[in-house]
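Presented below is the structure to which this report refers.
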Amino acid sequence: MTKKLFIKTYGCQMNVYDSARMTDVLGGQGYATCATPEEADLVVINTCHIREKAAEKVYSELGRLNALRRFRRSEGRDLRIAVTGCVAQAEGGEMQRRAPFVDLVVGPQAYHRLGDLVAALEATKTQAIDTEFPVVSKFDALPAQTSSAAAAFLTVQEGCDKFCTFCVVPYTRGAEYSRPFADVHAEAERLVELGAREITLLGQNVNAYHGERADGGRCSLGELVRRLAEIPLLQRIRYTTSHPLDMDADLIRAHAEVPALMPFVHLPVQSGSDRILAAMNRRHRADDYRRVVDALRDARSDIALSGDFIVGFPGETDADFAETLQLVDDVGYAHAYSFKYSPRPGTPAADHDGQLTDTVKEERLAALLAKLETQRLAFDKTMVGRTLDVLLERGGRKPGQLAGRSPYMHAVHVDAPKSLLGSVAAVEVVAANPNSLTGRLAR
Ligand code: SAH
Ligand code: SF4
Ligand code: F3S
C-alpha cells in the first residue's frame, strides 16, 4: 500500500519549490501526496519565519496535529510529523524540546537527506534534527523532477549575504549560493520536457546569481535568461526576488532583447526614506531605486513593477513615511506587498531604539495599502480592451473556463476548451474584476 504524504507550505516561492522537491524525495520512499492531514501517514509542515509570531503559530498547528496523532494511535495507526523550512532552521533542537512528538526537524539545506531520515524513522523510530549547512549542496543530491506544472519554479540561488537589519533570511537560509549554470540549464530542459512553458527563476536575491560555467567563469542572471530563452518550447521566463543593488545593466538589457522575459519585475524597496533605508542596511538610496526603475522602463516601456514595503520600522517618523508614499507616487506600482515591521529575534533592528506602537504601524499600513490599491486597480483597468498572452494553467472559476496568468501576473479567466490547457493563448480582456481579469479568446 502506498503511504500518504501531506505537505503544508507557508512562506515564499522558494518554499513552494522546496515542497515540490521534498515530494520527489519522499516519492522515492513510497509516499504519494494526499489532500488532508487526516488521510496522511506523514505530515510535513514547511514553515516560514519572516514575520510575526511565526514560531508560535507553528507550535499551535503542531498541537492540533498531536491531537490527531493521539487519536490515530488509539485506533492502532501512526502519524509521523516533520517540520521543515525556516522555523525548523531557527528553532532546531528547541523544537523537539517544546514539542517532543515532532519526529523530524529538517532545515532548508538538508532536504536531500529527508529520504534517509524518514526511512530511519520508519525502521527504528529514530527522531532526528538536521539543521546543518552541509558541504555537499542539496541540489546535487535531490532526485530529478517527475512532473511539472505549465508554470514551474526553479531555484537558482539561495541564501543571502546582505543582512538587512530587519531580516531573518541570512540566518535561516545561510550564505548566498548560486547553482552551477549547467545544473540549472539541465533542470530547465527537464521541466520543459515535463510540460513547463513558463519558468520562474527563484532566489532570495535572484539577481545576485553568479553560477559557475563549464569554462570556470561566472554566469550572471542576464546571461542565464538569454541561454534559457534558447530552449525550444520555453515561452516565458520570470525571476524573483530581486535586490535593487544587483540590478545590473546586462539584466536590464535582457528585458529589451529577450521577448520570453516577461515584463513584470518584483523589486522590493522597503522604504522611500534614505534615513530609514540606511538604518535597514539596504545600501542604496531612494533615488538609486528610482534610477533602476527608469532604466527598466527605458529598456521596455511596458514593464510593470511590484514591490515590498515595510512600515513602522524603528525610528520611522511621519516625514519618513511621507517619503515612502512619495516614492509610490513616483514609481507607480502594478502590484505590491506591504507589511508592518515585525521585530525578529536575533536581528539587529529588533534592538534598535524607537520601536513604534502597533497603532502607528496600522495607520501607516492602511494609508500605504490604500494608495497601492488605487494604483493596482488603475493599472488593471488599462488592460481592458487589450489582447494579452495568457498561459492557461488550470480550470477556471466556472465550468468551461480556464485560468492563467497575463504577462503582468494578473489571474485571467476565459471561456476556453480544455485542449488549450498548458498553452499560451491570445486573450482579449473584457473586464477588470477586483482580483482578476475576464477575457475571451482572441483567435
Ligand atoms: N530578498 C528579498 C525579500 C525577502 S523577505 C529582498 O531583499 O527584498 C520578503 C519581504 O518580507 C521583504 O521584502 C520585506 O518587505 C518583508 N519582511 C522581511 N522581514 C520583515 C520584518 N522583520 N518585518 C516586516 N516585514 C519583513
Ligand atoms: Fe532579507 Fe535583505 Fe537579504 Fe532580502 S536582501 S533576503 S530583505 S537580508
Ligand atoms: Fe519565509 Fe524562509 Fe522564505 S523565512 S519568506 S520561507 S526564505
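The values are calculated or read from the model by the stated rules, or taken from the named source; none is laboratory data. No experiment lies behind these values; they were computed from the predicted model shown. Virtual Cβ from ideal backbone geometry, glycine too; neighbours counted across all protein chains shown. Ligands, DNA and RNA are excluded from the accessible area calculation, which covers all protein heavy atoms including side chains. Shrake-Rupley method; radii C 1.70, N 1.55, O 1.52, S 1.80 Å.
The single condition among (1) of a type in the set (D, E); (2) part of a loop (DSSP other than H, G, I, E, B); (3) within 23 Å of the chain's Cα centre (by Cα) that D308 does not meet is (2). Restricting attention to the range 82-119, the residues that are among the basic types (K, R) and more than 26 Å from the chain's Cα centre (by Cα) add up to 2.
For the range 314-325, the count of residues that are of a type in the set (V, I, T), assigned to a helix (DSSP H, G or I) and either in contact with a Ser or Thr (Cβ under 8 Å, 6 or more places away or on another chain) or assigned by TED's automatic domain parsing to the domain that holds R405 (or both) is at least one. If you check S342, S338 for being within 16 Å of ligand 3 (Cβ to nearest atom) and touching a residue at least 60 places away in the same chain (Cβ under 8 Å), only one passes: S342. For the range 264-277, taking the residues that are part of a loop (DSSP other than H, G, I, E, B) and in contact with a helix residue (DSSP H, G or I) (Cβ under 7 Å, 6 or more places away or on another chain), the one that is surrounded by the most Cβ atoms within 10 Å (Cβ to Cβ) is identified as V269. Among the residues of the range 278-286, not a single one is touching a residue at least 60 places away in the same chain (Cβ under 8 Å), open to solvent by 60 Å² or more (accessible area, probe 1.4 Å) and within 16 Å of ligand 3 (Cβ to nearest atom). If I ask for residues that are surrounded by 16 or more Cβ atoms within 10 Å (Cβ to Cβ) and either among the small types (G, A, S) or in contact with a Ser or Thr (Cβ under 9 Å, 6 or more places away or on another chain) (or both), which ones from the range 121-134 would you list? Selection gives A128 alone.
Within the range 135-174, the residues that satisfy the criterion of being part of a loop (DSSP other than H, G, I, E, B), within 16 Å of ligand 3 (Cβ to nearest atom) and buried (at least 20 other Cβ atoms within 10 Å of the Cβ) are V156, G159, C160, C164, F166, C167, V168, R173. Can you spot a residue in the range 313-324 that is at pLDDT below 95 and within 14 Å of ligand 1 (Cβ to nearest atom)? No - not one qualifying residue is present in the range 313-324. Filter the range 238-258 down to the residues that are in a loop (DSSP other than H, G, I, E, B) and either in contact with a Gly (Cβ under 8 Å, 6 or more places away or on another chain) or under 30 Å from P314 (Cβ atoms) (or both), then identify the one that is farthest from ligand 2 (Cβ to nearest atom). For the range 238-258, the residue satisfying everything is D248. Being loosely packed, with under 15 Cβ neighbours inside 10 Å and either out of contact with any strand residue (DSSP E or B) (no Cβ under 9 Å at 6 or more places or on another chain) or among the charged types (D, E, K, R) (or both) holds for only one residue in E39, E61, and it is E39. When Y337 is tested against (1) open to solvent by less than 50 Å² (accessible area, probe 1.4 Å); (2) touching an Asp or Glu at 6+ places or on another chain (Cβ under 9 Å); (3) within 16 Å of ligand 2 (Cβ to nearest atom), just one condition goes unmet, and that condition is (1). Filtering L261, L191, L277, L221 for residues that are of a type in the set (A, V, I, L, M, F, W, C), within 16 Å of ligand 2 (Cβ to nearest atom) and under 29 Å from D24 (Cβ atoms) leaves a single hit, L221. Among the candidates F379, F321, the residue that is over 26 Å from K53 (Cα atoms), of a type in the set (F, W, Y) and buried (at least 18 other Cβ atoms within 10 Å of the Cβ) is uniquely F379.
May I ask you to verify whether A295 is farther than 30 Å from A150 by Cβ and either surrounded by fewer than 18 Cβ atoms within 10 Å (Cβ to Cβ) or not hydroxyl-bearing (S, T, Y) (or both)?
Yes, satisfied.
The one condition from (1) open to solvent by 20 Å² or more (accessible area, probe 1.4 Å); (2) aliphatic (A, V, I, L, M); (3) within 26 Å of the chain's Cα centre (by Cα); (4) farther than 29 Å from C160 by Cα that A350 does not meet is (4). The residues of the range 199-219 that are free of Cβ contacts under 8 Å to residues at least 40 places away in the same chain and open to solvent by less than 30 Å² (accessible area, probe 1.4 Å), listed by number, are G217, C219. Just one of (1) among the charged types (D, E, K, R); (2) over 30 Å from R253 (Cβ atoms); (3) within 16 Å of ligand 1 (Cβ to nearest atom) fails for R394. It is (3). The selection criterion, being aromatic (F, W, Y), farther than 28 Å from K162 by Cβ and either touching a residue at least 40 places away in the same chain (Cβ under 8 Å) or in the same structural domain as V414 (by TED's automatic domain parsing) (or both), holds for F379.
Using the structure shown, decide if T172 is modelled with pLDDT of 95 or more and either away from ligand 1 (no atom under 11 Å from the Cβ) or not assigned by TED's automatic domain parsing to the domain that holds C86 (or both). Here the answer is no, as T172 does not meet what is asked.
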